[in-house]
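Novice: There's a structure below that I have some questions on.
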């Protein structure tokens, strides 16, 4: 194989985190190559497609991809009637369209984007092999950004893999009654996760997540929930699309690392920035990606503290809420060691309830600076 290609920044992954990172580094004038294992921009969609309203102020592309507004959250605990959380505002989006818009911006900024080009190997010195066969290439980058999902090859090579994960399954079905709320189903048989019904105009995303040990129960549990909602006249029996994937639920794994002497920044799911309780990750992916790209540019521009500054800003922005979510998730899972959790335990592990927010594990009050509404706290 010929000598490695040389670039300033190599971005692994072209989801929201990778596209935002690549664009930020390229706008600063650096040569950026971004590789994506999937063959088509924005596909396949492995997402429930809800984003908080606040993201629209930072990411205008949300407006173009918006399908409908969300006004409230309805949480069903066991067989009890819904607990309604008003003013839980956000958007349901077309995730593929959203991703494509971010990728187009990256390309317009000068990023070379390569699809169907997975990372195959990363040497101890930080030389990256991408693609396969005759299409294989070796890349020597001055900075690597890992934005390549829960099983990030870059994160693994940097010694910061995601260890705690949730398995998910989702179907897209017909929505028979107009709805502007996100429905959450908390049930003891859904171990380590929850089920959701998120409306998308005339359609809805219906899914659930569980710990890997219960992966075999995903389909029967989801089939049962769909049958219930069909019987209630809320959704139709036809399934238009099936998807699934992994969600990191262990909190931050790493942010500013190294592979050999090559600086590495991790962003989005690769960094463990998905909320361990809700699975929300689009907002943190876009924000962390942009910051990682800016940090890479600053480092290349001669700022030796750019990595430390990036890690500090991410910790300040997401660290407290992620740490709380990790604790709440573990508290619910601990209950399973003795018996199935009852309604009180399930409520204590979900963001819609005051017991989730009132006190941290050590008894300290949740900081007032993190907001007074569920939306503000969830996206802090």
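The values are calculated or read from the model by the stated rules, or taken from the named source; none is laboratory data. Quick caveat: nothing in here was measured; it's all calculated off a predicted structure. Because the Cβ atoms are built from the backbone with ideal geometry, glycine has one as well, and the counts that use them run over all protein chains shown.
Novice: Checking the condition outside any strand (DSSP E or B) and either in contact (Cβ under 8 Å) with a residue 12 or more places away in the chain or touching a helix residue (DSSP H, G or I) at 6+ places or on another chain (Cβ under 8 Å) (or both), which residue from 221, 208 passes?
Specialist: Going through 221, 208 in turn, the sole match is 221.
Novice: Now for a separate question. Between 151, 156, 187, which is without any contact (Cβ under 8 Å) to a residue 60 or more places away in the chain and on the phi < 0 side of the Ramachandran plot?
Specialist: So the residue among 151, 156, 187 that is without any contact (Cβ under 8 Å) to a residue 60 or more places away in the chain and on the phi < 0 side of the Ramachandran plot is 156.
Novice: Say we look at the range 212-238 and pick out the residues that are more than 15 Å from residue 185 (Cβ to Cβ) and within 24 Å of the chain's Cα centre (by Cα); which of these is surrounded by the most Cβ atoms within 10 Å (Cβ to Cβ)?
Specialist: Top of the filtered list is 214.
Novice: Taking residue 341 and the conditions (1) loosely packed, with under 12 Cβ neighbours inside 10 Å; (2) in a loop (DSSP other than H, G, I, E, B); (3) modelled with pLDDT under 95, which numbered condition does it fall short on, given that it satisfies the others?
Specialist: Residue 341 satisfies all of (1) loosely packed, with under 12 Cβ neighbours inside 10 Å; (2) in a loop (DSSP other than H, G, I, E, B); (3) modelled with pLDDT under 95 except (1).
Novice: Taking the conditions exactly as written (crowded, with 20+ Cβ neighbours inside 10 Å and within 19 Å of residue 51 (Cβ to Cβ)), does residue 263 satisfy them or not?
Specialist: So residue 263 fails the test.
Novice: In addition: Please enumerate the residues belonging to the range 158-178 that are outside any strand (DSSP E or B) and modelled with pLDDT of 95 or more.
Specialist: 158, 159, 160, 161, 162, 163, 164, 176
Novice: When you go through (1) assigned to a helix (DSSP H, G or I); (2) crowded, with 16+ Cβ neighbours inside 10 Å; (3) modelled with pLDDT of 95 or more one by one for residue 350, which number turns out not to apply?
Specialist: Going through the list (1) assigned to a helix (DSSP H, G or I); (2) crowded, with 16+ Cβ neighbours inside 10 Å; (3) modelled with pLDDT of 95 or more, residue 350 breaks only (1).
Okay, residues lined up against (1) assigned to a helix (DSSP H, G or I); (2) at pLDDT 95 or above; (3) buried (at least 24 other Cβ atoms within 10 Å of the Cβ):
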site	(1), (2), (3)
3	no, no, no
9	no, yes, yes
20	yes, yes, yes
29	no, yes, no
41	no, no, no
45	no, no, no
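Novice: If the requirement is being closer than 21 Å to residue 156 by Cβ, over 18 Å from the mean Cα position of the chain (by Cα) and either part of a loop (DSSP other than H, G, I, E, B) or touching a residue at least 12 places away in the same chain (Cβ under 8 Å) (or both), which of these qualifies: 296, 285, 292, 270?
Specialist: None of the other options fit; the residue is 296.
One line per residue, one yes/no per condition, for (1) at pLDDT below 95; (2) part of a helix (DSSP H, G or I); (3) touching a helix residue (DSSP H, G or I) at 6+ places or on another chain (Cβ under 6 Å); (4) farther than 19 Å from residue 276 by Cβ:
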site: 191; (1), (2), (3), (4): no, no, yes, no
site: 197; (1), (2), (3), (4): no, no, no, yes
site: 204; (1), (2), (3), (4): no, no, no, yes
site: 230; (1), (2), (3), (4): no, yes, no, yes
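Novice: From the list 201, 209, 193, 244, which residue is within 23 Å of residue 44 (Cβ to Cβ), surrounded by fewer than 20 Cβ atoms within 10 Å (Cβ to Cβ) and within 17 Å of the chain's Cα centre (by Cα)?
Specialist: None of the other options fit; the residue is 244.
Novice: Can you spot a residue in the range 69-76 that is surrounded by fewer than 16 Cβ atoms within 10 Å (Cβ to Cβ), modelled with pLDDT of 90 or more and within 22 Å of the chain's Cα centre (by Cα)?
Specialist: Yes, because at least one residue in the range 69-76 is surrounded by fewer than 16 Cβ atoms within 10 Å (Cβ to Cβ), modelled with pLDDT of 90 or more and within 22 Å of the chain's Cα centre (by Cα).
Novice: Working only within the range 299-331, note down all residues that are in contact (Cβ under 8 Å) with a residue 24 or more places away in the chain and assigned to a loop (DSSP other than H, G, I, E, B).
Specialist: 301
Novice: Kindly provide the set of residues from the range 89-115 that are modelled with pLDDT under 95, outside any helix (DSSP H, G or I) and either out of contact with any strand residue (DSSP E or B) (no Cβ under 8 Å at 6 or more places or on another chain) or buried (at least 22 other Cβ atoms within 10 Å of the Cβ) (or both), ordered by number.
Specialist: Answer for the range 89-115, where residues must be modelled with pLDDT under 95, outside any helix (DSSP H, G or I) and either out of contact with any strand residue (DSSP E or B) (no Cβ under 8 Å at 6 or more places or on another chain) or buried (at least 22 other Cβ atoms within 10 Å of the Cβ) (or both): 90, 92, 93.
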